[in-house]
Amino acid sequence: MTTPQDINALLARVARKDRAAFADVYRATSAKLYGIVLRILHRRDIADEVLQEVYVKIWDRAGDFNPEMASPISWMAAIARNRALDEIRRKRPESLEDHPEFLDVPSDDETALQRVMRGEDGKRLSDCLSRLDADRAQMVVLAYCEGLSRDELAQKYGQPVNTIKTWLRRSLAQLKGCLGS
Amino acid sequence: MIDADDIDGLAGEYVLGTLDAGERASVSARRLREPALNAAIQVWERRLAALNEAVPAVTPPASVLPKIEARLDGFDVAPAGSATILDLRRRVSRWRTTAAVASALAATLALTIGVREFAPKPASQNLVAILQKDAASPAFLVTVNVDDRVMTVRPVAAKPEAGKSHELWIIHDSLGKPKSLGIVDDPARAVKPELANYKPDVIQSSTYAITLEPEGGSPSGDPTGPVVFSGKMLPAGDF
């Protein structure tokens, strides 16, 4: 088990271009980051490519990581999500129905929200999410975890895109108020 | 009117992932020069980070780490002052697939030299490559000084037919028309396109092409002749 402190120390070595430390960081974090990008991209071929770019970026930017600002995994997850979202927004891949082989993303029985309950921060966030209307909370989770765009949310919830945008902004403001700071 | 609420809402949606491609690109660019926006993004990343727990981990294929390490090796080639001859032929086939999508022109072939924008700076790094579609085609020797972002192009076995010249172009949406980087026919006089005049992201994402033009170069200033090569720059690690 690699603790966040371990990863902090490893990242400090990566910042000094230590390749062994980099391989350790990869081994400790790649399943998490791959899960995140695959969830958004749905295609293993694209996710493989994106994951490579993400780790090259981590190698380049390890010196910018500030353990006082974020946990190492959150910092890396932000890099991974940004890269995956840039990719998926730029061009939605062809319809998934055309590529059943790409639908091999593991399904999960536990609902996303239940899993968020784990951990201090998770409890706080899921408490705050549960104070939103159920569909607004679900919308936030779908956007963050599954990478759904405003258009896709509009389709799913049968609402105009502008309404979705208003709801999202309002939900974010409520979450901010609930979480404090 | 941009007020704090707008910035915070925009930052929140950026982190949530619901901005469209244009909005994302604009926020990505703005956060580099707007500390308030960047800070708001970081706060939202912290607020929502627990949601990462909601996504199940998936072990990536074993092939990914070696590929990443190869990319890092690519960046790290060429110790101080030395030149590296890259065996490009081996890499062309892989590149072709990408080029077919990437190139704005018919992707006859592509060869690219890595220029790494934020390379750790050992000493000056030079990369050398030969651009050649196949044994019968003209060949050009290209060197890139990574630190200075200067590319040198010199014909090796690239005699154009009489009355014609090979001309090098840089092609990028932001530049409008293709911009000439010079005639590349004289083995004694290498062309040294001043890539430093272009923004690093433009250098990185541009397509480079060599066309066959009337002697002395295209009279109109726009490419007119057939494309001999075209391709993009890739980080050296991508070869």
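Some points to look at:
- Within segment A:160-173, the set of residues being assigned to a helix (DSSP H, G or I) and out of contact with any Leu (no Cβ under 6 Å at 6 or more places or on another chain) comprises A:161, A:162, A:163, A:165, A:166, A:167, A:168, A:169, A:170, A:172, A:173.
- Condition check for residue B:54: more than 10 Å from chain A (Cβ to nearest Cβ) and closer than 19 Å to residue A:36 by Cα: no
- Within segment A:31-75, tally of residues that are small (Gly, Ala, Ser), more than 7 Å from every other protein chain (Cβ to nearest Cβ) and buried (at least 19 other Cβ atoms within 10 Å of the Cβ): 2
- Where helices (runs of 4 or more DSSP H) fall entirely within segment B:1-117, those with at least 1 residues that are modelled with pLDDT under 50 are at B:64-76, B:89-102.
- Just one of the listed residues (B:136, B:158, B:129, B:209) is under 29 Å from residue A:56 (Cβ atoms), modelled with pLDDT under 75 and small (Gly, Ala, Ser), and it is B:129.
- Residue check, residue A:168 in contact with a helix residue (DSSP H, G or I) (Cβ under 9 Å, 6 or more places away or on another chain), farther than 20 Å from residue B:7 by Cβ and facing chain B (nearest Cβ under 10 Å): no
The values are calculated or read from the model by the stated rules, or taken from the named source; none is laboratory data. Quantities reported herein were computed from a predicted structural model and do not represent experimental measurements. Heads up, the Cβs are rebuilt from the backbone with ideal geometry, glycines too, and the neighbour counts pull from every protein chain shown.
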